[in-house]
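The values are calculated or read from the model by the stated rules, or taken from the named source; none is laboratory data. This structure is a prediction, so every number in the text was calculated from the model and none was measured. Here the Cβ positions follow ideal geometry from the backbone for every residue, glycine too, while neighbour counts run over all protein chains shown. For accessibility, only protein heavy atoms count, side chains too; no ligands or nucleic acids. Shrake-Rupley method; radii C 1.70, N 1.55, O 1.52, S 1.80 Å.
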Amino acid sequence: MSQIDEKSPQHCAKKKVINISKHKKKLIYTFTTFILSILLLILLVWLILHPAKPEFALKEADIYQLTLSGARLLNSSIQITLVSNNPNQKVGIYYDEIQVYASYKGQRITLDSSIPPFYQEQKDHNLLSMVLVANGLAVDPSFSYEMGRDQMVGRLVLEVKSNGHLRWKVGTWVSGRYMFIVNCVVVLPFGAAAPAGPLTSKQGARCLTTV
Ligand SMILES: *[C@@H]1O[C@H](CO)[C@@H](O)[C@H](O)[C@H]1NC(C)=O
């Protein structure tokens, strides 16, 4: 016959509760440690590979048309060439979608032009050429005044803006989608100093990329 040590049923119940909570604590501890180790591992891999932002540069910009019909309907045609560069040694980049448009004095002067998706190898670069256009795009009434002023000054500051989504590729692993934004600022000779024909950038411009 086994001896009963417990003094009362109440005490017995108390002991059982303590045992369960101890077991639970251990489980939670093990689980937390496991999750933390996995997070640490991901962080470590990420830090070692450390994907750098893709680099963009505006190689050339030519304005073929920038004319107003009436006071505020704009027709524009701007050819641009962007250079896209992947500076990473171990990370490839999938560009899922890229939209590009031109902006002048903080307002849009062309519609979006999309670039078909492409994959960029490590340490690779691509030339992206496109024509940005608008037909009868409504602009602010100040547009004509601003253009006149720039023509007198002899230069025009054009912004080429881009946004899209990319995914990193490391070995066979592919990351989720990250949004990126590119902003290029280029100065074009304009007015009396500019030669006949399209307004052409004399030199390219580096662009600012945010991922
Ligand atoms: C702008 O484009 C529209 C449509 O193509 C055309 O009817 C209009 O004449 C153009 N305006 C100018 C100033 O080129």
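Could you work out the Rg to Rh ratio of the range 12-159, with Rh taken as the Kirkwood radius (inverse of the mean 1/r over all Cα pairs)? The partial results should precede the final answer.
Working: Rg = 28.0 Å, Rh = 20.3 Å.
Ratio value, two decimals: 1.38.
Give the relative contact order (percent, whole number) for the range 59-210; include only Cα pairs under 8 Å separated by 6+ residues.
Working: 372 pairs, mean separation 41.0, N = 152.
Across the range 59-210, relative contact order equals 27 percent.
Dipole of the range 91-202, Cα-centred, from +1 at each Lys and Arg C-beta and -1 at each Asp and Glu C-beta, to the nearest 20 debye?
Working: 10 positive and 9 negative charges, 38 e Å.
For the range 91-202, the charge dipole is close to 180 debye.
Once label points are set 7 Å from the Cα along Cα→Cβ at both residue 97 and residue 170, what is their separation, rounded to one decimal in nm?
2.7 nm
For the chain, modelled as a GNM with alpha-carbon contacts under 10 angstrom, which of 174, 45, 186 fluctuates the most?
In the Gaussian network model the winner is 45.
If you take every residue apart from residue 123 with its C-beta less than 13 Å away from the C-beta of residue 123, what net charge results, scoring Lys and Arg +1 and Asp and Glu -1? Working shown, then result.
Details: positive: 90; negative: 55, 121, 124.
Spelling it out: positives minus negatives among the neighbours equals -2.
Let me check something: with ligands and nucleic acids excluded, how do 34, 180 order by accessible area (1.4 Å probe), largest to smallest?
Order by accessible area, largest first: 34, 180.
Per residue, how much accessible surface does the chain expose to a 1.4 Å probe? Answer in Å², no decimals. Write out the running numbers ahead of the final one.
Values: 13720 Å² over 211 residues.
Result: 65 Å² of accessible area for each residue.
For each pair in 90/161; 123/202; 105/202; 59/123; 26/169, compute the distance between the two Cα atoms and list the pairs where it is over 30 Å.
On the way: 90/161 28 Å; 123/202 27 Å; 105/202 20 Å; 59/123 18 Å; 26/169 38 Å.
Too far apart for the 30 Å limit: 26/169.
Which residue, chosen from 182, 94, 110, occupies the Cα position most advanced towards the positive end of the dipole of the chain, where the dipole is computed from +1 (Lys, Arg) and -1 (Asp, Glu) charges on Cβ about the Cα centre?
Among 182, 94, 110, the one farthest towards the positive end of the dipole of the chain is 94.
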